[in-house]
1. For D87, indicate whether it is within 14 Å of the chain's Cα centre (by Cα) and not hydrophobic (A, V, I, L, M, F, W, C).
2. Show the residue pairs that are 6+ apart or on different chains and have beta-carbon atoms under 8 Å apart, the first residue being within region 94-123 and touching a residue at least 40 places away in the same chain (Cβ under 8 Å) and more than 24 Å from N184 (Cα to Cα), the second being part of a helix (DSSP H, G or I) and open to solvent by 20 Å² or more (accessible area, probe 1.4 Å).
3. Taking the criterion of being within 20 Å of F212 (Cβ to Cβ) and not aliphatic (A, V, I, L, M), would at least one residue in region 118-126 satisfy it?
4. Filter region 34-63 for residues that are among the hydrophobic types (A, V, I, L, M, F, W, C) and closer than 21 Å to G108 by Cβ and give the result.
5. Cβ-Cβ below 7 Å, separation at least six or inter-chain, first residue in region 7-33 and touching a residue at least 24 places away in the same chain (Cβ under 8 Å), second open to solvent by 50 Å² or more (accessible area, probe 1.4 Å) and assigned to a loop (DSSP other than H, G, I, E, B): which pairs?
6. If I ask for residues that are open to solvent by less than 60 Å² (accessible area, probe 1.4 Å) and in a helix (DSSP H, G or I), which ones from region 206-219 would you list?
7. Scanning region 4-26 for residues that are open to solvent by 10 Å² or more (accessible area, probe 1.4 Å) and at pLDDT 95 or above, which turns out farthest from A121 (Cα to Cα)?
8. What's the number of the condition Y158 fails, among (1) hydroxyl-bearing (S, T, Y); (2) under 20 Å from L29 (Cα atoms); (3) open to solvent by less than 30 Å² (accessible area, probe 1.4 Å)?
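The values are calculated or read from the model by the stated rules, or taken from the named source; none is laboratory data. Keep in mind the model is a prediction, meaning the values are calculated, not measured. Don't worry about glycine lacking a Cβ; one is built from the backbone with ideal geometry, like all the others, and counts go over all protein chains shown. Quick note on the areas: whole protein, heavy atoms, side chains included, nothing else; ligands and nucleic acids left out. Shrake-Rupley method; radii C 1.70, N 1.55, O 1.52, S 1.80 Å.
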Amino acid sequence: MTYFSIDPDRRIVFCDFDGTIACQDVLVLACKTFAPEVTARVMPQIYNLELSLRVGVRQLVEAIPSDCYGAMLDLARSQPLRSGLSDLLDFLEDQGVEFVVVSGGIRGVIEAALGDLADRAVGIHAMDVDTTGEYLAVRSEFEGDVELVDKLKVVSRYLGNPLPNGGFMNAHWVAIGDSITDLNMAQAAPTVFARSRLKTYLDDRGKAYLPFESFIEVRDRLAQLWNVPVLVA
């Protein structure tokens, strides 16, 4: 895996997948489909912040039989992506801005859903699963104290170690997300695009954000913030 030299002035976008790039939370949909009883019990505890992501997501994923994994990938391929993603990627590439997918979901599921668009991200960071046992087993390079994928650990790979206040020397990075798995990353980011539950979590904490529903909105607002034109073919 290639990481770029740390530059405090470069622009970089970190984007969630489930519920952000994908219109639905594909991981939750898969858990509801293949482990419905556990999902009905665990998901409310996660959303209400009563159960850590590290514990809750592991319980969800490891309740799914391994022989369902192929069907999970097929399910992912059938899910629509949020409108404007290709337009945003075109804009970022024109500006020389890196796009990183950072997700609390499953890497193989994300790659299946993205298809050819997966190659346009400089990195896709998520948990992996071992399918050799009766049930899926979670493997995560970025496991933290409260998250199976600690998104700030991923950000640190690109931006260097966090400062004492929890931020980073780079003031130009952007976070895009929709839910609880994006909260810590969003609180540390200088610029945040938020939708769905993440807006409520950030409102409760007094953290400013830019609301969005399509990636066209993200593209156009970034162009304004960076004072650059949007080149449309």
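1. Spelling it out, it is not the case that D87 is within 14 Å of the chain's Cα centre (by Cα) and not hydrophobic (A, V, I, L, M, F, W, C).
2. Sorted first by the residue in region 94-123, then by its partner, the pairs are Q95/W226; A113/R77.
3. Yes, region 118-126 contains a residue that is within 20 Å of F212 (Cβ to Cβ) and not aliphatic (A, V, I, L, M).
4. Once the filter is applied, which keeps residues that are among the hydrophobic types (A, V, I, L, M, F, W, C) and closer than 21 Å to G108 by Cβ, region 34-63 yields F34, A35, V38, L53, V57, L60, V61, A63.
5. P8/M169; D9/H172; R10/H172; R11/H172; G19/S196; C23/P80
6. F215, I216, V218, R219 - these are the residues of region 206-219 that are open to solvent by less than 60 Å² (accessible area, probe 1.4 Å) and in a helix (DSSP H, G or I).
7. C23
8. (2)
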